[in-house]
Every structure is written in C-alpha cells, then in structure tokens.
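J.: Following this message is one structure expressed as structure tokens.
The values are calculated or read from the model by the stated rules, or taken from the named source; none is laboratory data. Treat the numbers as computed from the prediction; the structure is a model and nothing was measured. Glycine also receives a Cβ, built like all others from the backbone with ideal geometry; neighbour counts cover every protein chain displayed. Areas reflect the complete protein model, heavy atoms only, side chains present, ligands, DNA and RNA absent. Shrake-Rupley method; radii C 1.70, N 1.55, O 1.52, S 1.80 Å.
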Amino acid sequence: MPTTTPENLTPPSTFRSAGILVAAEGVASLIAALVLVVRAVSGEGDNAVANGYGTAGWFGVLGVGVGAAGVALILGKRWGRAIATVVQLLLLPVVWSLLTGSHQIAYGIALGVVVLGVLVLLFSPPSSQWMAAEYSDVDDELG
C-alpha cells in the first residue's frame, strides 16, 4: 500500500490552477442555466418554455458536475482530472465550430485558450508527476 507523504498530499500549482479554470467553466454553465430559466419564464424566443427549461436543466446538471470537478482539483483530489479532461475534449469541437461554422471568432479564441490551457496544466510535468507519485511506492515494492 502506498505511503502518504506531504508531497503526495499537496497538489502542484499547475493542478490547482487547472481546477480554478474548470470551476469557472462550471460557474459559467450555471450562469447560462439561470439565463435560460429567466428567458423561459419571460417567454422570450421560440418555444421558450419547452426548450428553455430543458436546456437550462441540462446546463445546470453539467455546471454542477464540472464545478465539482474543479473544486476537486483545487483540493487535490485526483479523480477531478478525469472529469476535467473529458470536458475539455468535448469542448474542442465547440471551439472549432465557433471558429469556423458560426463565425464567432472572438468566442472561439477565448474558449480555445481556456480549453488548451486546462489541458496543458493538467498534463504538465508537475501535475503528471504528482498524479504518478501515489503509485511510486507500489513500483518499488514490485521491483
């Protein structure tokens, strides 16, 4: 069984910085959910009641999950990296769509910088070494 040392408990700043960005993505999703609920209640747009509530619920559920992953990263919980990585990979086609199909270049660049930044932070050498440190004692025992 791996031993727990202080360096294993304290995540590197790259890991916590990624957590801050992922938590901000979760908050942005929750804000989008709130805006969609307000629009649905006010009756703005086509099919505002039917589509607005459902879409708001979807954004709300995703916002809570992504926000929880961000908080987990900030607190040094290794499981948050898996959720954060999947979310970033799912956002890459959104970035591409913003840059090309919908011609929202400014939004595409902003989201692309965040997504790529999170991926770089999550898989930077300090983050990867910290993630692997939990298993270093197991390798020593087997070797």
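J.: Just wondering, is there one or more residues in the range 76-96 that are in contact (Cβ under 8 Å) with a residue 60 or more places away in the chain and over 12 Å from the mean Cα position of the chain (by Cα)?
T.: yes
J.: Applying the selection to the range 83-127, what residues are open to solvent by 40 Å² or more (accessible area, probe 1.4 Å) and either in contact with a strand residue (DSSP E or B) (Cβ under 7 Å, 6 or more places away or on another chain) or among the small types (G, A, S) (or both)?
T.: S97, G101, S102, A106, A110
J.: For P11, only one of the following conditions fails: (1) modelled with pLDDT under 95; (2) assigned to a helix (DSSP H, G or I). What is its number?
T.: (2)
J.: Can you tell me which of (1) assigned to a helix (DSSP H, G or I); (2) at pLDDT below 95; (3) of a type outside the set (V, I, T) is the one G65 doesn't meet?
T.: (2) is the only condition that G65 fails.
J.: Give me a count of the residues in the range 46-62 that are in a helix (DSSP H, G or I), open to solvent by 60 Å² or more (accessible area, probe 1.4 Å) and either at pLDDT 95 or above or not aliphatic (A, V, I, L, M) (or both).
T.: Residues meeting the conditions: 6.
J.: Can you find, within the range 28-39, the residue that is surrounded by the most Cβ atoms within 10 Å (Cβ to Cβ) among those that are farther than 7 Å from G63 by Cβ and in contact with a helix residue (DSSP H, G or I) (Cβ under 7 Å, 6 or more places away or on another chain)?
T.: Step by step, filter the range 28-39, then rank; the result is L36.
J.: Before we move on, is S128 among the hydroxyl-bearing types (S, T, Y) and at pLDDT 95 or above?
T.: Answer is no for this residue.
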